[in-house]
Every structure is written in structure tokens, then in C-alpha cells.
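The values are calculated or read from the model by the stated rules, or taken from the named source; none is laboratory data. For clarity, every value in this text was computed on a predicted model and none was experimentally measured. Here Cβ is always computed from backbone atoms with ideal geometry, including for glycine, and neighbour counts include all displayed protein chains. Remember, those area values only see protein heavy atoms, side chains included, never the ligands or the DNA or RNA. Shrake-Rupley method; radii C 1.70, N 1.55, O 1.52, S 1.80 Å.
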Amino acid sequence: MQESMPQTPIFSSMLGSGCSGQVQPDTGERSGDPVYQDGNLISGSLEALIERLVPTTDYYPDRTYIFTFLLSSRVFIHPHELLAKVGQICLKQKQQLETGIEADKAKLKSFAAKIIQLLKEWTETFPYDFQDEKSMKELKEIAHRITQCDEENGTVKKIISQMTQNLLMTLAARNQYQEIREKFRQPVTDKGTILKTKPQSSQKDILSVCCDPQVLAQQLTHIELERVSNIYPEDLMQIVSHVDSLDNHKCRGDVTKTYNLEAYDNWFNCLSMLVATEICKASTIYHIFIQFQVVKKKQRTRIVEFFIDVARECFNIGNFNSMMAIISGMNLSPVARLKKTWSKVKTAKFDVLEHHMDPSSNFCNYRTALQGAAQRSQTAHSSREKIVIPVFNLFIKDIYFLHKIHTNHLPNGQINFKKFWEISRQIHDFITWKQVECPFEKDRKIQSYLLTAPIYSEEALFIASFESEGPENHMEKDSWKTLRTTLLNRA
């Protein structure tokens, strides 16, 4: 198997037509056995769910079950502990087959092949489960036992060797990326972004770098897909694990390593602030303290309308995260208060965008648009039509609330697996979307500007905003007076 994710055509279809089309493992009539409702697995003890994970000679778990259980199991048990339990079940089954008649050699090979398949899916989909020595030790022990099932021709040994090599390469690459990310990681301050308080005296603006809204939207999509490619299903499950660690003082995940999520969230904030910066500096370029250069007001209006067009192009592409970031930037107070500017802007297109992102009824309009993009992606034949980039902070909130409103355990003590089916389905969709290859040609000049252009702090934004259009009421006058006093004190 070469795929890195379960290849179920429509993940949710599993919920409506039974959680597995495979023969169920024989778990007997013990307390805690998996419970089914209308053919769907809804609960079970941890032990029974683990037993359902492990193949037998005549059973292999549905791939959606493998993904869901391996993803959710970290809430209840550490990966190395789960591996140990899987190893014990494998050893028991192997011993039973070895004590049988000579003909059971064929069953031993069949059993070994299925265990290898499970380990391949595990190591390819959740490689970070094997980052510590305990997990690698358990993996090697299972591999050693399975190798003994086919010592004659060594085929199993070769497959396991290749699987282990691929795993180590994946871990090395991910560790290298995270070390780089950690090295350059900055303190979380103003909105979680690295913002400059003193903009430069002479700067380009976005229109001097790219004046085509469609091209800029495509470059933003490039950046989004690159950022999201470094988010893995276990990273997203940290949301649940982290909540549990706070509630129960038990850490079922490495909650200190959520910086892939933080980095992506920071990108959203940076883009919002960049939009606000471009608009505010279009009228006034603020140099260190009291040096100002007035620019034509038409330029500010032009930039506002340009970003509206960029946001609309992002919507058409399916890049909802950039679209929301742009709208958020235009709704920041220093920009929103520029009434003279907005009076000259043709706001009809902006009103449509805001309608799509209307927060009422739990962002109903956005969710309808997202569902439409997802359906388009499922039937698409080109990468261009497959792009779906959801609003990340809303996606995270959905997982968080799914976790909070449904308990992990039912009153009878069984794991509420129905809850984890739904969480897993949403994460599976996200992981599927992030694997789309960006079809647009990369423009390094534009991307460099988007990623490195100086961004005003909130304070600098307000200064530029007030210099563009003076304060209109007592509250704004007091704010402007405080900002100027702070500015002079720094001088």
C-alpha cells in the first residue's frame, strides 16, 4: 500500500452503511464487547476495540476503522502502550497457529501479511507515533515475531526492513522541519504574530508587486497549501488530547509540540495585519516618529477594492482561509473607521463576501459554501477544482466543540466511539484536502513580499489611520492623544 491515508471514497458513507464490510473478529460475549447500532459501531471497551484492530487469518479491519481508532486511541493510551498490546495479541495468535497441524503454515504466512499491512498503514499514516524509543522497540519486537512466520524465503523480512527504512526517513524529515520551525519561532505577542512597531520610511505596496487579483489569490493559495502540508492528523488530535490533559491532568499527547498548528494560525493573523497595513500605509507612510508623506486618497480606495477582488478570487478557488483573513484585516478598527475611504469604495462585492462569512447561525453561509467546494472536489478531474482550504480557526473550533459536547465514555464505561467517528471524519476530510497539489505556478517575488513585507503593529495602524482621517469623536480623540504621547515619550 502506497497511500498515506485511508482511501475510502466518502468517509461519511461508512457511518450510514455499517462501519466495516469485513467479517467481524470473534470477541465472544464478554462485557465491554463492541456495540453496534443499525450496523454501525458506536461503543466498546478499549480492550475490545484494540482486539478489533488486530487482523486474524480470516479478518482484516476496515481501513476507516484503522484510521479512526489509531487517531483516537491516543486520547486513552500512549502509542507505545498500544503497540505493546497489539504485540501481545499477535503473539497469542501466532502461538495458536504454530500449535496446529502442518497445513497451518499457509495461515501463518497469511496472518503475517495482514499484520505487515496493518503496520504499514500505521507507520505511513501516523509516523510520529514511533518517534520515541519505546514505540520503536515494540515495533521491532512485533516485526521479529512476524518475520519468524516466513523464514524460508525472507520476503517478510525484506518488506519489514523497507517499511522501517521509510519510517526512519519520514521521522528524520519531520524532525528537521520542526527543528527549523522551533529555531525561528518567535515569542507570541501581538495577536500571535511578529509585528513591527516602526514601519520603514520607504516601502513598496502590494500593487507595485502584483496588480492582478487572480494572481495574488493563486499565490496566497500556494502559501496556504505549503503551510497546511505540515499539519498531520495527530497534530489535530492534540486539540482533544490537550483538553483532556487540562481536565484530567493526564497528558495523552505531546501538547508542547503544537507549533505546526500555531504557525498556521499565525499565518492567518499575519495576512490580516498585512492587508490592514497595505490599506493604512496607502494614505500615509509613517517614518520612525513625526515624518509623514501624504499619498493620493485614490490609492487607498484602489487598494481596498483590490483586496476585495483578491478575496473574491480566493472564494472562487476554494481558499476560504485567505478569504477570511483578508476580510478580517479589512474589518480591523484602524481600517473600518476610514469612512471617507469606504464612501468611495464600490462595496457591493464586499457585501457579498461578508454575507458568505456572516457568523450568524454558526457561519451557516460559509458552511454551505464549504460543502459545495467539498462536493466539487470529490468529482473533480483537475487539481484546480480539488482545492478546498477551510477557515482553519473554525475547523479547530468544530473539533473542540465536538469533543466538549460529547463524553469520551458512556455511562456503562465503554468508549463513546460514535463521537470519534465524527471527529475522525472531519480530520480525514482536512487531510485529504491538504494533499492536493497546487496547480498554480509559483511566483517567488510575490510570495517573498507576502511573507516578508513589514507589518504594522496595532499601534502603528491606528497612528496611520488617524493621520489619514482625523479622529471624529471624543473616544477617538483621546486614543489619538494617548498614541502621540506614547510616541513622543519614545523619542
Study note, to complete from the structure: Exception for residue 315 within (1) over 25 Å from residue 231 (Cα atoms); (2) at pLDDT 95 or above falls at (1)
Review point. If we scan region 409-418, do we find a residue that is under 20 Å from the mean Cα position of the chain (by Cα), not in a loop (DSSP other than H, G, I, E, B) and not acidic (Asp, Glu)?
Key: no
Point to revise | Long-range neighbours under 6 Å by Cβ, at least six apart or interchain, first residue closer than 23 Å to residue 310 by Cα and small (Gly, Ala, Ser) within region 270-297, second modelled with pLDDT of 75 or more and part of a loop (DSSP other than H, G, I, E, B) | key: 276/332
Revision key, fill the gap. Reported set for region 455-470 where residues are β-branched (Val, Ile, Thr) and open to solvent by 10 Å² or more (accessible area, probe 1.4 Å) is 455
Review point. Got at least one residue in region 104-117 being assigned to a helix (DSSP H, G or I), aliphatic (A, V, I, L, M) and within 30 Å of residue 230 (Cα to Cα)?
Key: yes
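How about region 137-158: which of its residues are under 30 Å from residue 236 (Cα atoms) and surrounded by 20 or more Cβ atoms within 10 Å (Cβ to Cβ)?
Correct list: 138, 139, 142, 143.
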Practice item. Among residues belonging to region 339-350 that are loosely packed, with under 11 Cβ neighbours inside 10 Å and of a type outside the set (Lys, Arg), point out the one that is nearest to residue 469 (Cα to Cα). Key: 343
Practice item. Please work out which one of (1) in contact (Cβ under 8 Å) with a residue 60 or more places away in the chain; (2) open to solvent by 30 Å² or more (accessible area, probe 1.4 Å) is the condition residue 318 fails and give its number. Key: (2)
Exercise for review: Kindly list, by first and then second residue, each pair from a residue in region 431-460 that is under 23 Å from residue 391 (Cα atoms) to a residue that is in a loop (DSSP other than H, G, I, E, B) and open to solvent by less than 60 Å² (accessible area, probe 1.4 Å), limited to pairs with Cβ atoms under 6 Å and residues at least 6 apart or on different chains.
Suggested key: 431/5; 433/388; 434/229; 436/387; 446/210; 455/195
**Study point:** Members of region 118-136 found to be open to solvent by less than 40 Å² (accessible area, probe 1.4 Å) and not in a helix (DSSP H, G or I), listed by number
**Key:** 126
Exercise for review: Take residue 106 and decide whether it is without any contact (Cβ under 8 Å) to a residue 40 or more places away in the chain and either at positive phi or of a type in the set (A, V, I, L, M) (or both).
Suggested key: yes
Revision key, fill the gap. Every listed condition ((1) surrounded by fewer than 16 Cβ atoms within 10 Å (Cβ to Cβ); (2) assigned to a helix (DSSP H, G or I)) holds for residue 385 save (1)
Point to revise | Near pairs, Cβ below 8 angstrom, 6+ apart or cross-chain, from region 355-375 (of a type in the set (S, T, N, Q) and at pLDDT 95 or above) to any residue that is open to solvent by 40 Å² or more (accessible area, probe 1.4 Å) and outside any loop (DSSP other than H, G, I, E, B) | key: 365/355; 365/356
Practice item. Within region 49-59, track down each residue that is crowded, with 21+ Cβ neighbours inside 10 Å and touching a residue at least 40 places away in the same chain (Cβ under 8 Å). Key: 49, 54, 55
Check your understanding: Just to be sure, is residue 380 modelled with pLDDT under 95 and either open to solvent by less than 70 Å² (accessible area, probe 1.4 Å) or among the polar types (S, T, N, Q) (or both)?
Key -> yes
Review point. Which of the residues that make up region 193-244 are open to solvent by less than 10 Å² (accessible area, probe 1.4 Å), modelled with pLDDT under 90 and among the small types (Gly, Ala, Ser)?
Key: 241
Study note, to complete from the structure: Within region 33-47, residues being over 20 Å from residue 423 (Cβ atoms), outside any loop (DSSP other than H, G, I, E, B) and either open to solvent by less than 40 Å² (accessible area, probe 1.4 Å) or hydroxyl-bearing (Ser, Thr, Tyr) (or both) number 0
Exercise for review: Restrict the check to region 475-489 and report whether at least one residue is open to solvent by 40 Å² or more (accessible area, probe 1.4 Å), of a type outside the set (Gly, Ala, Ser) and in contact with a Pro (Cβ under 7 Å, 6 or more places away or on another chain).
Suggested key: yes
